[in-house]
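The values are calculated or read from the model by the stated rules, or taken from the named source; none is laboratory data. Since this is a predicted model, take the numbers as computed values, not measurements. All Cβ positions, even for glycine, are placed from backbone atoms using ideal geometry, and neighbour counts span all protein chains on display.
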């Protein structure tokens, strides 16, 4: 049964149940379904080109969800655009995708190259009409297109089909044993992590509880909202939880209904998982792995006491995971302990990047007659698990040594005085001349920064070669996050100097 069919079934079974809540605004399943029909009717009447992408711009609004479903009911893929996305990037996405039009739930101050329609106006100007299921996006039709961060160049539009999404929803339901009635919706819709709560909730008649950027930026309001949310399943990046952990009152007493934490999008640090377990001893913690190109996530490992005791670094999958393999440069599966590239197979692998055949061919390939995605991530097998070991493009060459930036970060974060760290290479022209570490300490200290740095460098020198020790340490209260809830490396890169 397709995702749209599953949501329709929920609307018929639970018409008055809350599908979405943000601040004091709610949306029932009945209204979600009927209002998305109005959007679909508007688009069908517009006589758009078949399967032309439609951009949906806004921020955590129930009208966005209505627009998403309306777009795919009308037979088009949607492109989610958050208000936090810079105007230049929005213009690039609209041009690169050949979007037919844009639907908005928030005001946008930008001279756009495509027709723009306010979703509220669309809903007010159309009459109820059931859209034929023959129009719906289905099978190998593209359901949504999410543009990647573009850290290595222009952003690329990842095409996720209806079949991809259905396979992901069914897999996550079984793999994570999802239950509970309220799901946290923290990630903006332009970030694929949002799919992990959005469709697993809507296809099972659950309630999405959304947090806005304004709430997240005001601690008092954020924790008041969390306390009132009755969330059962929490989905976020580890970085967002690090922010929450800064409040000592954020624990099981504040949020007694939490049953599961689902983490994806970043490495889940061992110490963070351990501290979270202490705060929420009854909740299960699940570490997931997967990129945008394979529909959010493809592996999941429950973080148990025995796992925390057995490993200093948390695994991302069991060694026998049927959708994740490790290949060497010759395309052979690596042996235990040997590093290789993480390669993903299976029904959730995207059909490729929109309008970018050369980029698609570089990473979407055939391996043993099966379509696979080469992630660019490095990993290794050990003791029955698969471990993530950084990005192949996070390698830098310093004074003749090839270094893994994320390996250095992990070593620094393993020091008991450190709760978070990002290492940035310092370049002169294109040559890396030194490293700078941005460090969050576990607690404030009265000593001079140079004294702390001397001690941390000494401790680090005991576990890594001297050439891996950053030249400069900068101490910050917290690491900045980008709009997707990940650490904003680009912002930190601006601050590094020789």
Consider residue 55 against the criteria (1) free of Cβ contacts under 8 Å to residues at least 60 places away in the same chain; (2) over 19 Å from residue 202 (Cα atoms); (3) in contact with a strand residue (DSSP E or B) (Cβ under 6 Å, 6 or more places away or on another chain); (4) in a helix (DSSP H, G or I): it satisfies all of them except one. Which criterion is unmet? (4)
Can you tell me how many residues within the range 271-295 are assigned to a loop (DSSP other than H, G, I, E, B), closer than 30 Å to residue 142 by Cα and at pLDDT 95 or above? 2
Please determine whether any residue of the range 134-145 is part of a strand (DSSP E or B), within 26 Å of the chain's Cα centre (by Cα), under 27 Å from residue 491 (Cβ atoms) and assigned by TED's automatic domain parsing to the domain that holds residue 48. yes
Could you grab me the full set of residues in the range 417-431 that are surrounded by 17 or more Cβ atoms within 10 Å (Cβ to Cβ) and either outside the structural domain of residue 407 (by TED's automatic domain parsing) or over 18 Å from residue 240 (Cα atoms) (or both)? 423, 424, 425, 426
Looking at this structure, is residue 267 over 30 Å from residue 359 (Cα atoms), within 22 Å of the chain's Cα centre (by Cα) and part of a loop (DSSP other than H, G, I, E, B)? no
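Report whether or not residue 32 is more than 26 Å from residue 113 (Cβ to Cβ) and surrounded by 20 or more Cβ atoms within 10 Å (Cβ to Cβ).
yes
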What pairs can you find where one residue is in the range 4-22 and free of Cβ contacts under 8 Å to residues at least 12 places away in the same chain and in the same structural domain as residue 130 (by TED's automatic domain parsing), the other is surrounded by 15 or more Cβ atoms within 10 Å (Cβ to Cβ) and in a helix (DSSP H, G or I), and their Cβ atoms are less than 6 Å apart, with a gap of 6+ or different chains? none
Hey, could you check the range 399-426 for residues that are modelled with pLDDT under 85 and in contact with a helix residue (DSSP H, G or I) (Cβ under 9 Å, 6 or more places away or on another chain) and say which is farthest from residue 473 (Cα to Cα)? 400
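Just a yes or no: is a residue in the range 184-201 over 28 Å from residue 159 (Cβ atoms) and in contact (Cβ under 8 Å) with a residue 60 or more places away in the chain? It would help to see each step written out before you state the result.
Let us first name the residues in the range 184-201 that are over 28 Å from residue 159 (Cβ atoms), namely none.
For the range 184-201, residues over 28 Å from residue 159 (Cβ atoms) and in contact (Cβ under 8 Å) with a residue 60 or more places away in the chain: absent.
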Please find, within the range 358-377, the residue that is farthest from residue 431 (Cα to Cα) out of those that are free of Cβ contacts under 8 Å to residues at least 40 places away in the same chain and either assigned by TED's automatic domain parsing to the domain that holds residue 156 or outside any strand (DSSP E or B) (or both). 369
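Filter the range 31-51 down to the residues that are in a loop (DSSP other than H, G, I, E, B) and either outside the structural domain of residue 115 (by TED's automatic domain parsing) or free of Cβ contacts under 8 Å to residues at least 40 places away in the same chain (or both) and list them by number. So that I can check it myself, show each step before the final result.
Quick first cut of the range 31-51, residues in a loop (DSSP other than H, G, I, E, B) only: 46-51.
Scanning the range 31-51 gives 47, 50.
Kindly indicate which of 139, 75 is surrounded by fewer than 18 Cβ atoms within 10 Å (Cβ to Cβ), within 21 Å of residue 350 (Cβ to Cβ) and modelled with pLDDT of 90 or more.
Numbers: 75 fails: surrounded by fewer than 18 Cβ atoms within 10 Å (Cβ to Cβ).
Only one candidate qualifies: 139.
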Pick from the range 58-82 the residues that are assigned to a loop (DSSP other than H, G, I, E, B) and touching a residue at least 60 places away in the same chain (Cβ under 8 Å): which of them is farthest from residue 6 (Cα to Cα)? 59
Among the candidates 453, 445, 436, which residue alone is within 32 Å of the chain's Cα centre (by Cα) and either within 25 Å of residue 239 (Cα to Cα) or outside the structural domain of residue 406 (by TED's automatic domain parsing) (or both)? 436
For the range 427-437, which positions are over 20 Å from residue 462 (Cα atoms) and at pLDDT 90 or above? none
What pairs can you find where one residue is in the range 441-466 and within 26 Å of residue 245 (Cβ to Cβ), the other is part of a helix (DSSP H, G or I), and their Cβ atoms are less than 6 Å apart, with a gap of 6+ or different chains? 463/411
Which pairs have Cβ atoms under 6 Å, sit 6 or more apart or on different chains, and link a residue in the range 246-266 that is on the phi > 0 side of the Ramachandran plot to one that is outside any loop (DSSP other than H, G, I, E, B)? 265/193
Give me the residue from the range 378-409 that is out of contact with any strand residue (DSSP E or B) (no Cβ under 9 Å at 6 or more places or on another chain) and in a strand (DSSP E or B) and, out of that set, surrounded by the fewest Cβ atoms within 10 Å (Cβ to Cβ). 401
